[in-house]
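Only one structure is covered here, and it is reproduced in the block below.
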Amino acid sequence: QVQLVESGGGLVQPGGSLRLSCAASGVVFSIDTMTWHRQAPGKQRELVAAITRGGTTNYADSVKGRFTISRDNRKNTVYLQMNSLKPEDTAVYYCKADRIATVTEALYDFWGQGTQVTVSS
């Protein structure tokens, strides 16, 4: 059974850094574009960053220059390095895979369970 498991969230002071990880468990052959999203209380979920299997990246304007998305295809893992964090970055962060290929099937729009990031002094 395939799962996307996020880790690395927590409480950090403004200006601090965190590194989120999202690893696919189970027997996975390949994963296409992976994305990080976030949802703050009372707000809609928004796209934060995206990375294709080949490494092309894209970012929301609000995080450009502060966040970096990367991936390790051998480990089926995507990362989000978050620097210069602001209180408005507080949210639950989710990773998503557009398509996961396994032995028997292809899974589309596959989400992780989320990890809380709180930026506060």
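The values are calculated or read from the model by the stated rules, or taken from the named source; none is laboratory data. The shown structure was predicted, so the numbers you read here are calculated from the model rather than taken from an experiment. Glycine gets a Cβ as well: all are built from the backbone with ideal geometry, and neighbour counts include every protein chain shown. SASA here: full protein model, heavy atoms, side chains in, ligands and nucleic acids out. Shrake-Rupley method; radii C 1.70, N 1.55, O 1.52, S 1.80 Å.
Probing with 1.4 Å while keeping every protein chain in the model, the per residue accessible area of the chain equals 53 Å².
Note on the chain: with charges restricted to the Cβ of Lys and Arg (+1) and Asp and Glu (-1), its dipole about the Cα centre is near 220 debye.
The alpha carbon centroids of segment 72-121 and segment 43-58 are separated by 9 Å. Solvent-accessible area of the chain (1.4 angstrom probe, protein heavy atoms only): carbon and sulfur portion equals 47 percent.
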